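Colleague: Could you have a look at this structure, given as structure tokens, before my questions?
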Amino acid sequence: MKYSIGRVMKTRASLTFLLFLFSLNSYSEISIPLPGVPLKNPRIIEDLKVRKAPFVPESIEENSLPETDEKSVYVTDEEHDQGLGRDITMAEKLRSYGVTIPHSMEGGTSYERMSNRDLLKRFNNEGTRGFSFYYIKDEYDFFDSTGVYDRTFGETASRSMQGGSLHFSFERFWSHRSIWIGWSMNFGVGLAQGKGSFTSGGTVAEKSETTFSLWTLPVDLGLLVEIPVGSWLKIGLSGGPSLMGLYQHRTDKDNGESGKRVRQVSYGYYGKANLKISLSHLAPKLAVRNLKAYQMTKTYLTLEARLQSFENFQDEDVSITGSSFGIGFAFEYL
């Protein structure tokens, strides 16, 4: 029994001695301060200076870090040039929504609780770019001296189809406060199909089995003005120069045969007006999710009206003019 007690005491004495030696060797390293922790003990500061410790704060040893022209990976080019002391804009805060910056919560005494609707108000007018797509019904005036278009694609033609046109719009805003000002670029594609109607000796023959397809391809570039009406509605106007491409295809001729495909282009102008109705206010929770995932600030249902005029085709007797209406969706982003 005495022998066992003696062995235990010797083991404890050995462990204590080893711990003492380890503490002597690592004492100075244990005293290394963490970044952001103020130093108050002058002995520790002096010791760090002498040993050139790798974690010496800049306030202690100003020349401890080598000079370099490289920029921090955590600082954007804009912030590097302007300095980190500038005010952070609301758009920049929203781009970081859902991300907590290290040490940004230090010193805080309370948290601000906001509903989704309250947060929606914060980014109501912060969009700088937009995308939309909309459908326009084919109600334009298509004129040709022979009347072929009306007989083939018109409302009175049998077995015809006017599919309307689908448009895609990309927008960029220079100003987005009480009045939004910017530019837009639009692309569209439309299709009409019908059975051919041929004449013989000046008399219109019956419908043939030949199918004619006519594609319309407008490209627009214009200035854009939008006026918010409260937080739910927006009225938009845009207009500018435009190009219209026509592409006709018929099924009664072989590939490579003359007249199988006919192409022509006309320059002209367009004008567009729309009413945007906010869908974000109907689903604020989804709007906040879209902000976090896609930096999307607003979603709209749009009512569209389009005016266009193209009278300079290679066939001088062909023109497409008038106005039509449609519906679509629009999205705004930071």
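The values are calculated or read from the model by the stated rules, or taken from the named source; none is laboratory data. No experiment lies behind these values; they were computed from the predicted model shown. A quick note on method: Cβ atoms are made from the backbone with ideal geometry, for glycine too, and the neighbour counts reach across all protein chains shown.
Colleague: Taking into account only those residues within segment 278-302 that are outside any strand (DSSP E or B) and hydrophobic (A, V, I, L, M, F, W, C), which is surrounded by the fewest Cβ atoms within 10 Å (Cβ to Cβ)? Full working, then the answer.
Modeller: The initial filter retains those residues of segment 278-302 that are outside any strand (DSSP E or B), namely 279-295.
Applying the additional criterion that residues be hydrophobic (A, V, I, L, M, F, W, C) yields 279, 282-283, 286-288, 291, 293.
Values: LEU279: 17, LEU282: 12, ALA283: 13, LEU286: 14, ALA287: 22, VAL288: 20, LEU291: 24, ALA293: 9.
Residue satisfying both the conditions and the ranking: ALA293.
A quick yes/no check of all residues on (1) within 22 Å of SER213 (Cβ to Cβ); (2) out of contact with any strand residue (DSSP E or B) (no Cβ under 7 Å at 6 or more places or on another chain); (3) touching a residue at least 40 places away in the same chain (Cβ under 8 Å):
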residue	(1), (2), (3)
LEU224	no, no, yes
VAL229	no, no, no
LYS234	no, no, yes
SER242	no, no, yes
TYR247	yes, no, no
LYS253	yes, yes, no
GLY256	yes, yes, no
VAL262	yes, no, no
LYS272	no, no, yes
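Colleague: In the set LEU233, LEU291, LEU246, which member is modelled with pLDDT of 85 or more, over 19 Å from PHE153 (Cα atoms) and hydrophobic (A, V, I, L, M, F, W, C)? First the steps, then the outcome.
Modeller: Working: LEU291 fails: modelled with pLDDT of 85 or more; LEU246 fails: over 19 Å from PHE153 (Cα atoms).
Unique residue meeting the criteria: LEU233.
Colleague: On to the next question. Could you tell me which residue of segment 125-142 is surrounded by the most Cβ atoms within 10 Å (Cβ to Cβ), considering only residues that are over 13 Å from GLU304 (Cβ atoms) and out of contact with any His (no Cβ under 9 Å at 6 or more places or on another chain)? Don't jump to the end; show me each part of the working.
Modeller: Filtering segment 125-142 for residues over 13 Å from GLU304 (Cβ atoms) gives 125-131, 138, 140-142.
Within this subset, residues satisfying the condition of being out of contact with any His (no Cβ under 9 Å at 6 or more places or on another chain) are 129-131, 138, 140-142.
Working: ARG129: 16, GLY130: 26, PHE131: 14, ASP138: 17, TYR140: 22, ASP141: 11, PHE142: 20.
The extreme case among them is GLY130.
Colleague: Now for a different question. Scan segment 303-318 for residues that are crowded, with 17+ Cβ neighbours inside 10 Å and assigned to a loop (DSSP other than H, G, I, E, B) and jot them down.
Modeller: The answer is PHE313, VAL318.
Colleague: If you don't mind, another one. Exactly one condition in (1) over 30 Å from VAL229 (Cβ atoms); (2) in contact with a Leu (Cβ under 8 Å, 6 or more places away or on another chain); (3) assigned to a strand (DSSP E or B) is not met by THR321; state its number.
Modeller: So THR321 meets the others, but not (2).
Colleague: Pull up segment 143-182, narrow it to residues that are loosely packed, with under 15 Cβ neighbours inside 10 Å and aromatic (Phe, Trp, Tyr), then point me to the one that is farthest from ALA273 (Cα to Cα).
Modeller: Once the filter is applied, the top-ranked residue is TRP174.
Colleague: Please find, within segment 157-178, the residue that is nearest to PHE131 (Cα to Cα) out of those that are assigned to a strand (DSSP E or B) and among the hydroxyl-bearing types (Ser, Thr, Tyr).
Modeller: Of everything passing the filter in segment 157-178, SER169 is nearest to PHE131 (Cα to Cα).
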